[in-house]
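Working notes for the structure below.
The values are calculated or read from the model by the stated rules, or taken from the named source; none is laboratory data. Predicted model, so just to flag it, every value in this text is computed and none were measured. Using ideal geometry, Cβ is built from the backbone for each residue, glycine included, and neighbour counts are taken over all protein chains shown. Ligands, DNA and RNA are stripped out before the accessible areas are found, and what is left, the full protein with its side chains, is counted by its heavy atoms. Shrake-Rupley method; radii C 1.70, N 1.55, O 1.52, S 1.80 Å.
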Amino acid sequence: MPTNDVPSANCASRDAATPPTGEELRALDADAVRTSLEVVARVTPTDLERATPCAGWTLRDLLVHMTAQHYGFAAAARGESGLEPWRPRTGEHDPVSAYRCSAERVLAAFAEAGVLDGHFRLPDIDAERPFRAARAIGFHLVDYVVHSWDVARSLDATVDFGPRLLDAALAIARAVPDGPSRTAPGAAFAPRIPHPHGTPLEEILTLLGRSPAWPR
């Protein structure tokens, strides 16, 4: 897997309140993607029609979405602006292998020299305005924390992330606007769910419209 250029995040010496640098966000994002690969590797063909915390989506649908997002972000990291890389590849015979290929693609794209100096065009978020690379990678990070949990819950399993990764993802999740846009068709996240007490991962989930107790 072409990830050697992205160091694994080792941030125990940093204050948890210190905002991560762009370089650290890239490393944390790589950790989140690698965790997603470990979770997705557990999926068997008989699991693909399982329900997921993403309303109306089977596990197959979720993997197709996750795959398309990786290809889209990889294209954005390389300066591309078209919609084609973001389109779901619904005809994949083996969505687990397809996901692995897409994860390798985005890890390689984010690891390229100079990526952190550029801007990403993310049509799923704002078709007109480019985002600074570090901010865009932060969006990707929080997506793959949440989607790793989605896949794990669909499999009746658990997923673990390091505290620094969760700190970074929580700060991003807190900044995602709530409101009527969350109920629009195709919205990335459902409205926030009240959840006054819980772990950092549970707070991330509720901020982005997931119930930590799903499917209850």
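The order of Phe189, Phe120 by accessible area, most exposed first and with a 1.4 Å probe, is Phe189, Phe120.
Peptide packing: for 140-153, 87-100, the average count of neighbouring Cβ atoms within 10 Å per residue gives the ranking 140-153, 87-100, highest mean first. How high is the FRET efficiency between Arg132 and Thr46 when r is their beta carbon distance and R₀ equals 30 Å, given to the nearest 0.05? Between Arg132 and Thr46 the formula returns 0.10. Packing here is the average count of other Cβ atoms within 10 Å per residue, and on that basis the peptides 123-134, 200-211, highest first, run 200-211, 123-134. May I ask you to derive the FRET efficiency for Ala175 and Asp94 from their Cβ-Cβ distance with R0 = 45 Å, giving the value to the nearest 0.05? After rounding to 0.05, the efficiency reads 0.80.
Is it possible to state the helix-based mean residue ellipticity at 222 nm for the chain, with each DSSP H run of 4+ residues giving -39500 (n - 2.57), the sum divided by total residues, to the nearest 500 deg cm²/dmol? What is it?
-15000 deg cm²/dmol
Of the DSSP H helices in the chain, those with a Cα length along their own long axis of 20 Å or more and a mean Kyte-Doolittle hydropathy reaching -0.5 comprise 22-40, 59-77, 95-111, 133-154. Calculate the length of the line joining the C-alpha centroid of the range 117-136 to that of the range 20-42, in whole Å. Centre-to-centre distance over Cα atoms comes out at 19 Å. For the pair Asp156 and Arg78, a Förster radius of 41 Å applied to the C-beta separation gives a FRET efficiency near 0.65, rounded to the nearest 0.05. Estimated at 0.36 nm per residue, the fully extended path between Trp57 and Trp214 surpasses their Cα-Cα distance by 55.1 nm.
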